[in-house]
Amino acid sequence: MTEIIDVLVVGAGPAGLSSAFFLRHMGDDLEVLTLDRMEGRRRSRYHSICGEGISVGAFSELTPIRPWAVKDRVDKAVINWPGGVRTTQRLDGVIIDRPAFLDRLEGMYREEGGHSAVGSLISLKQEEGFYTAVLYDGTELRSRYVIGADGAFSTVRKQIFGTRPLRMLAVERYLVEAETLPETLTFHMGESYGGGYRWEFPCGGLVNTGFPAGTSRLDEYVDKACRFLPFGGVPQVTDGNVLLVGDAAGQANPVSFGGIRTSMVAGKRAAKAVIAGKPERYRRWWERSRLSSPWYMKAHETLAGWSDGDMERAAAPFQGRARLRPLLRRAMTSPRDFHMYIAYGLAFRESW
């Protein structure tokens with residue numbers, strides 16, 4: 001007998017669990033099922049491949065979700081540019097234990113009456129007003145709505161939308177025994193990173209460091225992993241009653257590459273649209289949101305084409321502490337770099 005549910009959420013990472021939790025929390029008459037292809041140690045391993053940084057301010061949009069499972073506090077960012085230029089920015093954030101954070105969120109979702117299943121989606125099609133999902137083991141699930149939160153290589157996106165994110169970046173992440181600045185996110189910029197950067201984040205007694213794959217190398221480490229980071233968005237985030245969120249929608253920020261905040265806020269917005277029975281509300285929100293501002297992608301493409309000298313020139317006025325007001329003033333007096341200053345100013349405020 002085929003099971004019929006209100007909402008099938010495919011993927012149980014930050015985007016999927018945020019969607020599922022708010023579907024139950026705000027629309028408690030809906031029957032919701034999360035489906036994830038991983039469980040146990042494999043799932044924890046996958047979700048640990050991340051910088052794990054998120055601003056405290058993000059949670060003002062996600063109440064009652066809070067920053068649990070905190071490994072370290074973050075109070076500033078240091079950006080090292082070519083030519084010895086170094087800028088700092090005050091922050092208010094945390095490094096979370098992402099697998100433990102997701103476990104807590106999944107527990108909240110289940111306390112709200114949600115259900116979870118483990119299985120791999122192999123096909124999804126619309127028929128007779130429902131969507132039929134077929135799993136690898138032959139199980140069929142029917143639902144009125146589907147939220148695709150199944151990552152960079154989303155099966156939901158491939159089956160229904162036939163699209164892919166604008167950009168896909170492979171990144172290598174290492175955990176190392178090393179010294180780093182306490183309570184600080186450290187970034188190293190340079191033309192060799194192709195519009196990306198090298199990072200060093202505190203990580204519960206270790207250092208979480210990484211870079212775009214192939215741009216650098218580390219020989220000594222405690223752990224190494226690689227994942228693909230989709231960004232730049234997709235042509236559409238809704239198709240009928242199917243909504244894409246998180247990596248499935250390429251929602252990582254093209255400047256900071258932060259994705260946890262955006263994924264979870266998008267998940268909440270998708271949930272609200274489904275509860276209202278108007279999925280297009282989610283599309284309209286995303287198109288108008290500062291989280292999807294075209295300034296970010298334009299800045300990424302500019303940075304990818306800059307030389308070390310270009311980066312030094314643009315960053316030099318902000319040697320020392322970077323403040324928002326001087327940043328905006330510089331943007332107004334330097335038309336060539338206007339979009340860069342605006343995008344970086346927004347990224348530190350909105351994207352993580």
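Quick note: the coordinates plus some simple rules give every number you see, no bench work behind them. Since this is a predicted model, take the numbers as computed values, not measurements. Glycine gets a Cβ as well: all are built from the backbone with ideal geometry, and neighbour counts include every protein chain shown.
As a calculated quantity, the FRET efficiency between residue 41 and residue 319 at R0 = 56 Å, using C-beta atoms, amounts to about 0.75. With the charge dipole of segment 1-138 set up from +1 on Lys and Arg Cβ and -1 on Asp and Glu Cβ about the Cα centre, the Cα lying farthest toward the positive end among the listed residues 17, 44, 94 is that of 94. How much net charge surrounds residue 247 when only the other residues with a Cβ under 13 Å from the Cβ of residue 247 are counted, with Lys and Arg +1 and Asp and Glu -1? Charge balance near residue 247 sits at +3.
Relative to the longest principal axis of the Cα atoms of the chain, helix 338-350 runs at roughly 60 degrees. Grab the other residues whose beta carbon is less than 12 angstrom from that of residue 350, score K and R as +1, D and E as -1, and report the net. Once all neighbours under 12 Å are counted, the net charge is +2.
FRET efficiency for the residue 216 to residue 29 pair, using the beta carbon distance and R₀ = 41 Å, is estimated at 0.20. Of the chymotrypsin sites (Phe, Trp or Tyr not before Pro) in segment 116-196, the ones in a loop by DSSP (not H, G, I, E or B) with at most 16 other beta carbons within 10 Å are 136, 153.
With charges only on Cβ, +1 for K and R and -1 for D and E, what is the dipole size of segment 3-294 about its Cα centre, in debye, rounded to 20?
On the way: 37 positive and 35 negative charges, 157 e Å.
Dipole size: approximately 760 debye.
Taking 7 Å steps out from each Cα toward its Cβ at residue 118 and residue 137 produces label points 0.9 nm apart. Extension gain for residue 90 to residue 60 (0.36 nm times residue separation, less C-alpha to C-alpha distance): 9.0 nm. Restricting segment 75-147 to GluC sites (Glu not before Pro) that sit in a DSSP loop and have at most 11 other Cβ atoms within 10 Å of their own Cβ leaves 128.
Of the GluC sites (Glu not before Pro) found in segment 159-215, those in coil by DSSP whose Cβ has at most 12 other Cβ atoms within 10 Å are 177, 179. Across 169, 35, 244, mean-square fluctuation computed from a Gaussian network of the chain (C-alpha pairs under 10 Å connected) peaks at 169.
Between amide H atoms placed 1.01 Å from N, distances below 5 Å from residue 289 occur with no residue 5 or more places distant or on a separate chain.
Near residue 203, the amide H atoms lying under 5 Å from its own belong to 208; only residues 5 or more places off or on other chains count, and H is placed 1.01 Å from N. Helical runs assigned H by DSSP (4 residues or longer) give the chain a calculated mean residue ellipticity at 222 nm of -9000 deg cm²/dmol, each run adding -39500 (n - 2.57) before division by the residue total. Think of the chain as a dipole: +1 on every Lys or Arg Cβ, -1 on every Asp or Glu Cβ, centred on the Cα centre; then among 240, 229, 285, 285 lies furthest on the positive end.
Can you bin segment 3-294 into rounded, prolate or oblate? Criterion: square roots of the alpha carbon gyration tensor eigenvalues sorted a ≥ b ≥ c, rounded for a/c under 1.5, prolate for a/b above b/c, oblate for the rest. Working shown, then result.
Details: a/c = 1.82, a/b = 1.75, b/c = 1.04.
It is prolate, given that a/c is not under 1.5 and a/b is the larger ratio.
Farthest towards the positive end of the charge dipole of the chain, among the residues 318, 162, 189, is the Cα of 318, using unit charges on the Cβ of Lys, Arg, Asp and Glu.
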